[in-house]
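Have a look at the structure below, then the notes.
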């Protein structure tokens with residue numbers, strides 16, 4: 001996807017500038033042609049020579065330096081760029097661009113550019129939450145600039161909170177989404193289910209599972225990156241929904257069934273990654289069940305099989321299912337693809353390291369209706385989300 005793409009990386013003066021080194025290396029490894037612009041403050045953190053070696057090109061530092069370019073420097077850099085990525089994006093550069101200020105090479109190139117611009121903010125939590133900075137970010141988003149929002153955690157200054165640079169696989173995923181060929185998902189509506197369902201026993205207790213929702217949220221995020229309208233139907237999780245998606249919260253399998261069926265006829269692609277309970281208590285107590293004796297017997301009844309029902313109803317939709325297994329993964333997956341009339345099944349052995357619940361990686365096999373199985377290496381859930389969408393779009397295009 002990135003082969004031959006000219007991507008200009010703007011590095012500004014924040015401690016997260018060291019992560020831009022890895023980003024440039026990753027872009028180069030992916031076949032892109034990275035150019036690097038450093039502000040004066042950025043040079044206090046990283047030497048230009050580092051980027052020069054990794055990119056294989058001169059590093060651009062000054063508005064009036066003509067090195068390596070035959071025309072006006074900022075105009076040529078802006079014109080050749082297919083994407084500009086600012087990482088880290090400090091409060092200073094955000095304020096400059098929001099205010100229309102162009103007083104150094106990076107801000108001038110951004111002003112002269114007609115390509116997409118992606119900001120990756122990183123700063124102290126109090127700076128990030130400052131109303132002026134938030135106003136500038138909102139204004140830039142309204143103008144069509146792209147953002148990868150910062151994460152939460154311990155910051156370089158010792159404080160804790162939102163402000164640390166997003167993970168680089170998230171940045172790379174956003175870059176790939178912006179540069180997706182032809183914006184192939186811009187006219188599509190994608191429905192994603194995610195997370196667990198909780199089946200109540202009484203007002204206090206429930207039957208649930210270990211799903212964190214991370215895989216489904218990654219798929220929703222990736223689809224939104226690629227321009228799709230996204231409907232995310234989620235069981236209870238601790239995750240923040242991706243920006244720009246239509247977010248519907250449910251709790252039980254029956255509630256998820258109703259929500260999915262309500263939207264199914266209007267969507268083009270369904271990625272059903274939710275871990276839906278197969279059974280629910282037949283009788284739900286209206287009061288907390290007290291301890292009586294040494295045993296408690298619960299009578300369970302089947303929940304509706306959402307995926308099977310979608311397989312029966314689908315006409316133009318592409319249907320992607322998930323299967324979390326602990327043994328006989330491929331055999332069970334092939335049966336599920338056939339029985340539920342799927343276009344693609346994502347199967348994984350949750351007992352493998354890095355492929356279980358609650359982690360940020362996954363190791364799966366893609367299983368096709370003809371019985372073919374394509375094992376994938378361990379990768380981030382966001383990278384896997386893009387692989388799933390690549391295949392889903394390819395299947396749709398073949399039709």
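Fewest-first ordering of 82, 199 by other beta carbons within 10 Å of each residue's beta carbon gives 82, 199. Contact order for the stretch 6-178, expressed relative to its length and based on alpha carbon pairs under 8 Å spaced 6+ residues apart, stands at 21 percent. Calculated from the alpha-carbon coordinates, the stretch 6-178 shows an Rg and a Dmax of 14.9, 47 Å respectively.
Determine the shape class of the stretch 132-223: with a ≥ b ≥ c the square roots of the Cα gyration tensor eigenvalues, call it rounded for a/c under 1.5, and otherwise prolate if a/b is greater than b/c, oblate otherwise.
oblate
Which order results if 240, 28, 141 are arranged by neighbouring Cβ count within 10 Å, fewest first? Kindly include the intermediate steps, with their values, before the conclusion.
On the way: 240 10, 28 17, 141 14.
Result, fewest neighbours first: 240, 141, 28.
Each label was represented as a point 7 Å from its Cα along the Cα-to-Cβ direction; for residue 290 and residue 360 these points are 4.8 nm apart. Taking packing as the residue-averaged number of other Cβ atoms within 10 angstrom, the listed peptides 357-364, 9-16 run from highest to lowest as 9-16, 357-364.
If you take every DSSP beta bridge fully contained in the chain, what fraction is antiparallel? Give it as a percent rounded to 5. That works out to approximately 30 percent antiparallel. Ratio of Rg to Rh for the stretch 184-398: 0.98 [Cα atoms; Kirkwood radius as inverse mean 1/r over pairs].
Normalised by residue count, the stretch 80-201 yields a Cα convex hull volume of 170 Å³ per residue.
Note down the relative contact order for the stretch 184-398 as a percent, whole number, built from C-alpha pairs under 8 angstrom at least six residues apart. RCO, the stretch 184-398: 20 percent.
P(r) tail, the chain: Cα-Cα pairs separated by more than 35 Å, 36% of all pairs.
Run the numbers on the chain and let me know its relative contact order in percent, using alpha-carbon pairs under 8 Å that are six or more apart. That works out to 11 percent. With R₀ fixed at 22 Å, the C-beta to C-beta distance from residue 372 to residue 314 puts the FRET efficiency at about 0.60. Sorted ascending by nearby beta carbons within 10 Å, beginning with the fewest, 328, 349, 278 become 328, 278, 349.
Between residue 263 and residue 80, the FRET efficiency from the beta-carbon distance, with R0 = 41 Å, is close to 0.45.
FYI, it's all coordinate maths here, none of it is from the lab. Computed from a predicted model, the values in this text were never measured in an experiment. Don't worry about glycine lacking a Cβ; one is built from the backbone with ideal geometry, like all the others, and counts go over all protein chains shown.
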